[in-house]
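Reading through the structure tokens given below for one structure.
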Amino acid sequence: MPVVVNGEILSRKLIREEAQRLSEAPDWRNVPDSFEKRMHLQQAAEQFAIDRVLLRQEAEMDARPVDPALVESEVQRLRTTNGCRVVFDDTALRQQIERDLRIRQAIQERMGAVPPPTEEDIARFYAAERHNFQRPETVQAAHIVKHVDETHTEEEARAGIETALAELDSGEPFAAVADQHSDCKGNGGDLGAFPRGQMVPEFEDVVFALEPGRRSPVLRTPFGFHIAEVRARTAAGIADLSEVRHIIEPFLAAMNQQNALQRVIAGLRAKADIRRTSTREAERLGAQRAAS
């Protein structure tokens, strides 16, 4: 049966849009297709569609004009994003943008200032979820590389890496030799810290077997010849709070925003007239709304 939201028929198109959006979310996408899934997806889409209508209706009650500069800025952003592939008559686009901005403004005003997560919130979340913040084993390494490619032959690369090796064996600092001889000059050949899976296996197998301060013999990878030096190693384990704070803080901030939005929607639902009606009554209301 059709749903009426404050006298407005909930359109099937809006429900289909919400169902499509939800079906692409990981929580739904990973569920095998079945009659039960489609039924629950339809029910969830209907509820989200009702929320969208309530927010739009609330925004439409605000007669204040939307800042034209904001509308123009969004139009230009969409033109840039779409490579200017928008119709020359962008009246409909501007109207949609204005409606979206009005809804955003209404939501923000009713949500009020949403407090950011406190230090206690962040620490509490980390304590409860720290087992999910696994840190892989990493090494910090530097390398000297001589490429084998269209412009560098195997013989040239081999001769170049042997020259670098001779200087290292004579006591020259690794960073100085890297900056002098490596085909990837700069920063003393430092590759930073990395876990397994970021470098080619031929390189990783060697550096992850070295202790900090040790240097590899000449090794061959698909890129050419290398000499690697391990600077530091971090064992696998649970990451410290300082390492994952940049993940936790925005997540909690987004949750605070979502909770505030849900309170706004709950308030709108509490005072709304939401009911199911007959198809005949829905057609009558639709015709009445179109004529008004």
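The values are calculated or read from the model by the stated rules, or taken from the named source; none is laboratory data. Computed from a predicted model, the values in this text were never measured in an experiment. Counting neighbours? That spans all protein chains shown, and the Cβs are built from the backbone with ideal geometry, glycine included. Heads up: the accessible areas ignore ligands, DNA and RNA and are worked out on the full protein's heavy atoms, side chains in. Shrake-Rupley method; radii C 1.70, N 1.55, O 1.52, S 1.80 Å.
Brief remarks follow.
- Checked against the criterion of being open to solvent by less than 60 Å² (accessible area, probe 1.4 Å) and assigned to a loop (DSSP other than H, G, I, E, B), the stretch 185-197 has at least one qualifying residue.
- Pairs with Cβ under 7 Å, 6+ apart, first in the stretch 242-257 and farther than 11 Å from TYR126 by Cβ, second surrounded by 16 or more Cβ atoms within 10 Å (Cβ to Cβ) and of a type outside the set (A, V, I, L, M, F, W, C): ALA253/PRO117; ASN256/PRO117
- Test for VAL230: is it assigned to a strand (DSSP E or B) and either at pLDDT 95 or above or within 27 Å of the chain's Cα centre (by Cα) (or both): yes
- A single entry from ALA176, ALA164, ALA157 fulfils the requirement of being in a helix (DSSP H, G or I), within 16 Å of GLU229 (Cα to Cα), touching a strand residue (DSSP E or B) at 6+ places or on another chain (Cβ under 7 Å) and of a type outside the set (Asp, Glu): ALA164.
- Sub-6 Å Cβ pairs linking a first residue in the stretch 165-187 that is farther than 13 Å from VAL145 by Cβ to a second residue that is of a type in the set (Val, Ile, Thr) and at pLDDT 95 or above, at least 6 apart or interchain, are GLU167/VAL177; LEU168/VAL177, ordered by first then second residue.
- Failed criterion for ARG158 (all others in (1) out of contact with any helix residue (DSSP H, G or I) (no Cβ under 9 Å at 6 or more places or on another chain); (2) of a type outside the set (A, V, I, L, M, F, W, C); (3) open to solvent by 70 Å² or more (accessible area, probe 1.4 Å); (4) at pLDDT below 95 hold): (4)
- Residue in the stretch 269-284 that is within 30 Å of GLU167 (Cα to Cα), part of a strand (DSSP E or B) and either open to solvent by less than 70 Å² (accessible area, probe 1.4 Å) or in contact (Cβ under 8 Å) with a residue 60 or more places away in the chain (or both) present: no
Each row is one residue, and each column tells you yes or no for (1) of a type in the set (D, E, K, R); (2) closer than 22 Å to ALA254 by Cα.
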| position | (1), (2) |
| --- | --- |
| ASP62 | yes, no |
| PRO68 | no, no |
| GLN76 | no, no |
| ARG79 | yes, no |
| ARG99 | yes, no |
| ARG110 | yes, yes |
| PRO116 | no, yes |
| GLU120 | yes, yes |
| ARG130 | yes, yes |
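- Of the set (1) part of a helix (DSSP H, G or I); (2) β-branched (Val, Ile, Thr); (3) open to solvent by less than 90 Å² (accessible area, probe 1.4 Å), all apply to THR80 but (3).
- Condition check for ARG110: in contact (Cβ under 8 Å) with a residue 40 or more places away in the chain, assigned to a helix (DSSP H, G or I) and in contact with a Gly (Cβ under 8 Å, 6 or more places away or on another chain): yes
- Top-ranked residue in the stretch 96-144 [being buried (at least 18 other Cβ atoms within 10 Å of the Cβ) and in contact with a strand residue (DSSP E or B) (Cβ under 8 Å, 6 or more places away or on another chain); ranked as nearest to LEU261 (Cα to Cα)]: THR138
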